[in-house]
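Notes for the one structure printed next.
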Amino acid sequence: MMQVTGGCHCKAVRFTAEIEESVSLLICNCSICEPIAYEHLIVPEAKFTLEAADDALTSYRFGSGEAEHLFCKVCGVKSYYWPRSHPGCVSVNFRGLDDQTGITVERQYFDGKNWEKAKLNLR
């Protein structure tokens, strides 16, 4: 296990997470993930700590409303959110980590445009 830090562009939102040195990222083609090239690093809630956000976060829900998408009100970056695909976990944007050194990455593609069908194939 290793500890990583990350957050948004302006640093108003900051987090730490404990992850394995080898991770599998989900790359989703849904209407919110694809345009921003979000790379999902799924972290159990117990291994995620929000270090700073003050009142910098704003929430957005769409579709089923189950997922809570959180954006920095200052710079607009989505550095993490609460996904419906992995209850009890946080989806951290791998691109928002401060340092990716030492992390071995595998990318798994997820057909979020066809979520109901694709969710059956989640690991």
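Each value in this text was obtained by applying a stated rule to the coordinates, not by laboratory testing. In this text, all values refer to a predicted model and were calculated from it rather than measured experimentally. Note that we place each Cβ from the backbone using ideal geometry, even for glycine, and neighbour counts take in every protein chain shown.
Take a quick pass over segment 2-113 and tell me how many lysine pairs come in under 20 angstrom between Cα atoms, counting only ones 8 or more apart or on separate chains.
On the way: LYS11/LYS73; LYS11/LYS78; LYS47/LYS78; LYS78/LYS113.
Qualifying lysine pairs in segment 2-113: 4.
Evaluate the relative contact order of segment 2-113 (contact order divided by residue number), counting alpha-carbon pairs under 8 angstrom at least 6 apart; express in whole percent.
36
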Exercise. Could you name the lysines whose alpha carbon sits less than 21 Å from that of LYS117, not counting residues in the same chain fewer than 8 places away?
Key: none
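Hey, what did segment 65-118 get for relative contact order, percent, Cα under 8 Å, at least 6 apart? Display every interim value, and only then the final one.
Numbers: 42 pairs, mean separation 11.0, N = 54.
Relative contact order comes out at 20 percent.
Considering every pair of different Cα atoms, what Kirkwood radius, in Å, is found for segment 30-89?
On the way: mean 1/r = 0.0801 Å⁻¹.
Result for segment 30-89, one decimal place: 12.5 Å.
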Self-check item: segment 1-67-segment 71-116 distance, computed between alpha-carbon centres (Å)
Solution: 5
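Among residues other than MET1 whose Cβ falls under 11 Å from its Cβ, what is the net charge (Lys/Arg +1, Asp/Glu -1)? List each step's numbers first, then the result.
Working: positive: LYS47; negative: GLU18, GLU20, GLU21.
Net of charged neighbours comes to -2.
Ignoring everything except DSSP H segments at least 4 long, calculate the 222 nm mean residue ellipticity for the chain; use -39,500 (n - 2.57) per segment, divide by total residues, nearest 500. Please report the intermediate quantities before stating the final value.
On the way: 2 runs with 8 residues, N = 123.
Computed ellipticity for the chain at 222 nm equals -1000 deg cm²/dmol.
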Quiz item: So what are the radius of gyration and Dmax for the Cα set of the chain, in Å?
Solution: 13.7, 38
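As a footprinting exposure proxy, order PHE48, PHE94 by other Cβ within 10 Å, with the fewest listed first.
Numbers: PHE48 17, PHE94 21.
Exposure proxy ranking, most exposed first: PHE48, PHE94.
Which loop-located GluC sites (Glu not before Pro) does segment 1-94 contain, where loop means any DSSP state but H, G, I, E or B and the Cβ has at most 13 other Cβ atoms within 10 Å? Could you put the intermediate results ahead of the total?
Numbers: sites: GLU18, GLU20, GLU21, GLU39, GLU45, GLU51, GLU66, GLU68; in loops: GLU20, GLU21, GLU66.
When the GluC sites (Glu not before Pro) of segment 1-94 are filtered for loop state and at most 13 Cβ neighbours within 10 Å, GLU20, GLU21, GLU66 remain.
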